[in-house]
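The values are calculated or read from the model by the stated rules, or taken from the named source; none is laboratory data. Just so it is clear, the structure is predicted and the values come from calculations on it, not from any experiment. Positions of Cβ are backbone-derived with ideal geometry, glycine not excepted, and every protein chain shown enters the neighbour counts. In case anyone asks, the SASA skips ligands and DNA or RNA and just uses the protein heavy atoms, side chains included. Shrake-Rupley method; radii C 1.70, N 1.55, O 1.52, S 1.80 Å.
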Amino acid sequence: DPAQDRQQDSGSSGINAEYGGLLELDKKIRSFHVTVNPYTWFTMDALEDSWQNLLRLVKERDLRIEKETLRQAQNEELRKAYGTQANSFHQWLTLTKSQLTNTKQGLEEQRDLIAQRHEEIKKRRAILREIEELSSHLEQAMVFDNKYTTHSALTLAQQWDQLNEFTRRMLHTVQDQIESQSRTGVDEDELKEFTLMFKHFDKDRSGRLDHSEFKACLRALGFDLPVPAEGEHDVTFEAILDFVDCDRDGFVRLEEYMQFMISRTTDNVAGTDELTEAFQSLTEGGDKSFITATELYSAMPSEQAKYCIDRMEKFPDVPGALDYSNFTKSIFQLNTSLASC
């Protein structure tokens with residue numbers, strides 16, 4: 001114990017003085033040619049051996065104190081270095097997400113800002129690795145307390161992953177909005193209104209709404225959603241969820257919400273025959289009345305292909321074939337029911 005060693009050190013000067021006094025007494029006794037002392041069985045030679053042994057132990061103790069003091073100083077520097085980097089990284093995470101969620105720029109400016117932030121986020125992974133390395137050094141030194149920060153390396157890594165994914169989704173959503181605007185003619189002010197309304201109901205800034213938040217958002221946007229009687233199924237809202245929450249994970253993400261709102265706003269939706277012909281053109285030879293999962297995956301993004309595959313009926317008498325005709329009819333039946341909302 002270093003504290004105990006320091007307390008022992010305070011009496012060392014007194015012991016030195018006593019030992020010096022014993023040497024002087026022994027010299028005087030020896031000058032009288034006295035070889036035996038009837039008052040003690042300790043000889044000066046025995047005391048000399050004990051004294052040298054004590055000096056050796058004191059030296060070893062001093063080395064231990066010096067080593068422990070150095071170790072604690074190094075651990076304290078590790079704590080400070082980790083705390084400084086961890087706090088700075090967490091502050092950057094918070095600021096970056098705030099900048100991304102609170103931007104009111106136009107779509108193209110948003111796209112440029114998000115793309116810039118996304119590149120910065122990927123570069124910051126190197127700093128996170130440094131923090132993780134410092135955390136590893138602290139664990140190896142058996143240091144598990146740090147008064148300089150409350151942020152663990154694991155939590156920071158999780159937050160970085162979430163921000164990276166959130167930014168990737170945002171960039172994809174804004175790019176889709178820009179493409180939809182040029183393709184469908186949806187006004188940018190309408191897109192802004194949709195986005196601001198989503199953010200208003202996204203209280204935890206997670207980039208997604210649960211079903212109750214999504215329903216409140218739709219009503220705020222003017223959707224006439226009937227209130228079902230107790231125990232009854234909300235058929236209208238369930239039909240909307242079939243469109244926007246395909247995987248039914250209980251949440252509607254920003255990109256799913258924007259796709260839905262754009263599809264509801266645009267006036268140039270293709271007719272059933274046109275959509276059927278589009279699916280037919282994707283088939284081998286471009287003239288088949290059925291389509292395969294492989295053809296869908298090769299022609300469209302995997303999420304859209306999966307959405308179609310999950311909802312298309314099997315085409316009779318052809319293994320692995322899907323009926324796209326009935327699927328397009330069901331799509332427009334859904335649009336008709338939503339149009340009355």
Query raised in the report: Is at least one residue of region 99-120 closer than 30 Å to Leu78 by Cα, open to solvent by less than 70 Å² (accessible area, probe 1.4 Å) and among the small types (Gly, Ala, Ser)?
Result: no
Requested in this report: Tell me which residues, restricted to region 235-249, are open to solvent by 20 Å² or more (accessible area, probe 1.4 Å) and either of a type in the set (Val, Ile, Thr) or in a loop (DSSP other than H, G, I, E, B) (or both).
Outcome: Val235, Thr236, Cys246, Asp247, Arg248, Asp249
Requested in this report: Give Ala86, Ala81 a once-over and let me know the one that is under 24 Å from the mean Cα position of the chain (by Cα), open to solvent by less than 50 Å² (accessible area, probe 1.4 Å) and closer than 15 Å to Ala157 by Cβ.
Outcome: Ala86
Query raised in the report: With Lys67, Lys27 as the choices, which residue is more than 56 Å from the chain's Cα centre (by Cα) and exposed (fewer than 14 other Cβ atoms within 10 Å of the Cβ)?
Result: Lys27
Query raised in the report: Right, Asp189: among the acidic types (Asp, Glu) and not in a helix (DSSP H, G or I) or not?
Result: no
**Report entry** Members of region 143-170 found to be among the aliphatic types (A, V, I, L, M) and at pLDDT below 90, listed by number
**Finding:** Met170
**Report entry** region 123-146 - residue that is open to solvent by 70 Å² or more (accessible area, probe 1.4 Å) and in contact with a helix residue (DSSP H, G or I) (Cβ under 7 Å, 6 or more places away or on another chain) and, of those, farthest from Glu68 (Cα to Cα)
**Finding:** Glu130
Query raised in the report: Which of the helices (runs of 4 or more DSSP H) contained wholly in region 1-101 include at least 3 residues that are at pLDDT 90 or above?
Result: 44-101
Query raised in the report: Within the set of pairs 6+ apart or on separate chains, which have a first residue in region 39-55 that is free of Cβ contacts under 8 Å to residues at least 60 places away in the same chain and among the charged types (D, E, K, R), a second that is loosely packed, with under 13 Cβ neighbours inside 10 Å and not in a loop (DSSP other than H, G, I, E, B), and C-beta atoms under 7 Å apart?
Result: none
Query raised in the report: Looking at Glu179, Glu133, which is the one that is assigned to a helix (DSSP H, G or I), over 14 Å from the mean Cα position of the chain (by Cα), over 26 Å from Asn102 (Cβ atoms) and free of Cβ contacts under 8 Å to residues at least 40 places away in the same chain?
Result: Glu133
Report task. Go through region 303-340 residue by residue and tally those that are modelled with pLDDT under 85, in a loop (DSSP other than H, G, I, E, B) and either among the β-branched types (Val, Ile, Thr) or buried (at least 17 other Cβ atoms within 10 Å of the Cβ) (or both). Result -> 0
